[in-house]
Amino acid sequence: MTDADFPFPELPTEFRTARLLLRAPRPEDAPAQVEAINASLPALQPWMAWAQEPQTLADAQENLTRAAEAYAKRENLRLLIWNADGTELIGSSGYHSLEWDIPKGEIGYWIATAHTGQGYAQEVTQFLTEYALDMLGWRRIEIRCDALNERSARIPRQLGYTLDACLKNDERSVSHPKELRDTLIFSQVR
């Protein structure tokens, strides 16, 4: 089979939930991304390999340029999470580890510390789950997280995902590389 057997879907670059704007990354989003990530480093560092050092403006511009290119090619569909009027960056989510021939992917998310505890990650994940299953025709969606990351694991449980596996000693801890961590894999299938 070739890529022509599995055409990429038309995808908007913006989506709206009840309270949020989800938008494909743009290089000009760099100042907002730097502010959100750097203000949230203590909360992100235990779980995110990319959040071990403060992000610079140049790093963010390069990161967002690559993310925009990947979105256009349907290789990785990262979305920035903004407040409803698009003036404050709340976090990031999107579809990752895409396999269009199945079709399936993984939803990932992080919320800036100033906005945690308000249900934003769950709202976005519910929207992305429904969109992938109903509009994109996906057959499988996964959410993976460190078994110790209780806040992240709560979201798929609340949304009716099934816990498929707990992979023992699956990853090195990003903040303590000598420590091994377990990975939880949740899924919804059609």
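The values are calculated or read from the model by the stated rules, or taken from the named source; none is laboratory data. The structure presented is a predicted model; accordingly, all values stated were derived computationally and were not measured. In this analysis, Cβ positions are derived from the backbone assuming ideal geometry, glycine residues included, and neighbour counts consider all displayed protein chains. What goes into the accessible areas is simple: the full protein's heavy atoms, side chains included, and nothing from ligands, DNA or RNA. Shrake-Rupley method; radii C 1.70, N 1.55, O 1.52, S 1.80 Å.
Brief remarks on what is shown
- Any chance residue 49 is of a type in the set (A, V, I, L, M, F, W, C), at pLDDT below 95 and within 22 Å of residue 98 (Cα to Cα): yes
- Restricting attention to segment 99-133 and to residues that are among the acidic types (Asp, Glu) and in contact (Cβ under 8 Å) with a residue 12 or more places away in the chain, the residue that is nearest to residue 160 (Cα to Cα) turns out to be 123.
- Any hit, segment 98-120, residues being assigned to a helix (DSSP H, G or I) and crowded, with 21+ Cβ neighbours inside 10 Å: yes
- When segment 46-73 is limited to residues that are loosely packed, with under 15 Cβ neighbours inside 10 Å and assigned to a loop (DSSP other than H, G, I, E, B), the one that is nearest to the chain's Cα centre (by Cα) turns out to be 52.
- In segment 79-86 there is at least one residue that is assigned to a loop (DSSP other than H, G, I, E, B), acidic (Asp, Glu) and open to solvent by 40 Å² or more (accessible area, probe 1.4 Å).
- Residues in segment 145-162 that are assigned to a helix (DSSP H, G or I) and open to solvent by 40 Å² or more (accessible area, probe 1.4 Å): 150, 151, 154, 157, 158.
- Among (1) open to solvent by 90 Å² or more (accessible area, probe 1.4 Å); (2) within 21 Å of residue 83 (Cα to Cα); (3) in contact with a Lys or Arg (Cβ under 7 Å, 6 or more places away or on another chain), the one test that residue 19 misses: (3)
- Residue match in segment 29-43 (condition: under 21 Å from residue 139 (Cα atoms), modelled with pLDDT of 95 or more and either under 17 Å from the mean Cα position of the chain (by Cα) or surrounded by 16 or more Cβ atoms within 10 Å (Cβ to Cβ) (or both)): no
- Tally, over segment 144-167, of residues that are in contact with a Leu (Cβ under 9 Å, 6 or more places away or on another chain) and among the aliphatic types (A, V, I, L, M): 5
- Here is the figure for segment 20-45: residues that are in a helix (DSSP H, G or I), touching a residue at least 40 places away in the same chain (Cβ under 8 Å) and within 30 Å of residue 147 (Cβ to Cβ) total 8.
- Residue check, residue 181 part of a helix (DSSP H, G or I) and either at pLDDT 95 or above or touching a His at 6+ places or on another chain (Cβ under 8 Å) (or both): no
- The one condition in (1) within 23 Å of residue 45 (Cβ to Cβ); (2) surrounded by 15 or more Cβ atoms within 10 Å (Cβ to Cβ) that residue 172 fails to fulfil: (2)
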